[in-house]
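Any read-out appearing in this document is the output of simple, stated calculations on the displayed coordinates, not a laboratory observation. A quick note: this is a predicted structure, and the numbers were derived from the prediction, not measured. Counting neighbours? That spans all protein chains shown, and the Cβs are built from the backbone with ideal geometry, glycine included.
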Amino acid sequence: MTNQLAKEAMEGYLSSEFERCPYLFSSNTYYAWAIGRWLQRTGRSFPNDVRPSRSYKFHCNDMLLQMRDKHGTTTIERIN
């Protein structure tokens, strides 16, 4: 079941700087979109093989990412 959320992540990657996420906050599609934005903002390559892991972690482009929500803001931390 690879590339499960690649479409949503690509939408985030291709979105403009001021565009808001169209998905429900804290859903897997919301996090995939946020991962796409994060990849674009940090100068990484386009999203590939995006899928949820345990808890608030996601696999993307051979990385394991930890999602954190605080006061309506999502931050992403690369774990591995």
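Below, the figures for the structure above:
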read-out: Sum of -39500 (n - 2.57) over DSSP H runs of 4+, divided by residues of the chain (222 nm, nearest 500); value: -9000 deg cm²/dmol
read-out: Surface/4 estimate of mean projected area, convex hull on alpha-carbon atoms of segment 6-78, nm²; value: 4.4 nm²
read-out: Stretchable slack from residue 25 to residue 75, in nm (0.36 nm times residue separation minus alpha-carbon distance); value: 16.7 nm
read-out: ³J(HN,Hα) computed for each position of segment 34-46 - Karplus, 6.51 cos²θ - 1.76 cosθ + 1.60, integer Hz, glycine/proline x; value: 5, 4, x, 4, 4, 4, 5, 5, 8, x, 8, 6, 4
read-out: At R0 = 30 Å, FRET efficiency that the Cβ-Cβ distance of residue 64 and residue 18 yields, to 0.05; value: 0.55
read-out: Cβ-based net charge around residue 49, under 14 Å, with every Lys or Arg adding one and every Asp or Glu removing one; value: +1
read-out: For the chain: relative contact order, % (alpha-carbon pairs under 8 angstrom, 6 or more apart); value: 26 percent
read-out: Charged-residue dipole, Cβ positions (Lys, Arg, Asp, Glu), segment 6-78 about Cα centre, Debye nearest 20; value: 220 debye
